[in-house]
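Enquirer: This structure is in structure tokens; I'll ask about it shortly.
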Amino acid sequence: MCTEISTSKQKKFSLVTFVDTPGLVDGDMKYPFDVNQSIEWLGDLADLIFVFFDPIGQALCKRTLNLVEKLNQTHADRIRFYLSKADEAGHESDRQRVMMQIVQELCKRPGLNKTGFDMPTIYIPTSGKPSRCVNQIEEVCKDIEKTINQTIQNTLNSLEKDCESIARIVTDKLHKDNESVSYNFGARTKGVCYGSMGFLLPFILILNYLASSASDQSLQSILGKSGSETFKLYLRPLEKMWQMVPNQYHLYVLATFLLLALIFLIIGKLKSRLRPTLSRKQRKALEENREFVQNFVRKKKQTLYSQYLQQSVAEHDL
């Protein structure tokens, strides 16, 4: 593959990239790469696909027509057919015979048999060698220019839609992050509540055991007389409940309380699972990107569209 660069600004050359694919012939000729797959890949990217038939008829080979028919299945609106080197086809009758032959071969294929078939004749003029053949190469230039204008309009129109899509995606992401923050707050609250219950039950049992086993003098020496009385006052309902349980069931009740405490701790662990959230730096970056897209890029579209219209009007006047 080779590349040629034209610095001319005529015919919007700076906006056009021509990709010339190798000519395909029947037979045992092999290429160092999958040429069919490469041309199909280029066809997916190109805005226009030019198919050139020469008067010699080499372009009517089965391999070329198979590829053209396959491209026509997905890109029929992009394909243009031309009779190249039309000045070498001889007289007008010879040219018509060549064109009829090409059209007949194309119409034999269901994928290429369509109404309104058009195949302009083009060739590169040679100084000192006049030709009576009509050269429609200017129509090719107009078709390319029309496609460029349509592509520019589509690009500018999609720019605004893309800006709206980006802003909407950022807004949705920030909204989901706010929901995750709210969910995490509720999850932490539930986790603390269940965890507190899990630690509170063993703690109460331990206090009850200390209160029942310790003497009044020991409690008064640690908590004071008023503190000891208050301590016993709050634990008296639990002590009465514990006394109502027969001695042979004390271990079962104790095991039940410990099991409940373990269940509360497990539930607290499960309920406190958090969702991932954005950091302050990430939220700030998203908000800045949304503001940039809405206030700068979106407004830039209006400027570019105005420049495009001014340029189109100027070229039309010229």
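Enquirer: Suppose we filter segment 18-62 for residues that are open to solvent by 80 Å² or more (accessible area, probe 1.4 Å), β-branched (V, I, T) and modelled with pLDDT of 85 or more; how many remain?
Expert: 1
Enquirer: Any residue at all in segment 171-193 that's in contact with a Phe, Trp or Tyr (Cβ under 8 Å, 6 or more places away or on another chain) and either in a loop (DSSP other than H, G, I, E, B) or among the aromatic types (F, W, Y) (or both)?
Expert: Within segment 171-193, not a single residue is in contact with a Phe, Trp or Tyr (Cβ under 8 Å, 6 or more places away or on another chain) and either in a loop (DSSP other than H, G, I, E, B) or among the aromatic types (F, W, Y) (or both).
Enquirer: Identify all residues within segment 29-64 that are under 35 Å from the mean Cα position of the chain (by Cα) and farther than 27 Å from V16 by Cβ; write none if there are none.
Expert: Residue satisfying the conditions is P32 alone.
Enquirer: Of everything in segment 122-174, what is of a type in the set (D, E, K, R), under 24 Å from E288 (Cα atoms) and modelled with pLDDT under 85? Give them in sequence order.
Expert: Across segment 122-174, the qualifying residue is only E160.
Enquirer: Considering each residue of segment 92-110, count those that are closer than 21 Å to V68 by Cβ and either open to solvent by 90 Å² or more (accessible area, probe 1.4 Å) or not in a helix (DSSP H, G or I) (or both), and give that number.
Expert: 6
Enquirer: Let me ask something else about it. Of all residues being among the basic types (K, R) and closer than 30 Å to K301 by Cβ in segment 162-193, which is surrounded by the most Cβ atoms within 10 Å (Cβ to Cβ)? Just the residue, please.
Expert: Ranking the candidates gives K173 first.
Enquirer: Also, I was wondering about something else. Hey, among the residues in segment 274-300 that are open to solvent by 100 Å² or more (accessible area, probe 1.4 Å) and over 21 Å from the mean Cα position of the chain (by Cα), which one's nearest to N184 (Cα to Cα)?
Expert: R275
The values are calculated or read from the model by the stated rules, or taken from the named source; none is laboratory data. A quick note: this is a predicted structure, and the numbers were derived from the prediction, not measured. Note that we place each Cβ from the backbone using ideal geometry, even for glycine, and neighbour counts take in every protein chain shown. Note: areas computed on protein heavy atoms with side chains; ligands, DNA, RNA excluded. Shrake-Rupley method; radii C 1.70, N 1.55, O 1.52, S 1.80 Å.
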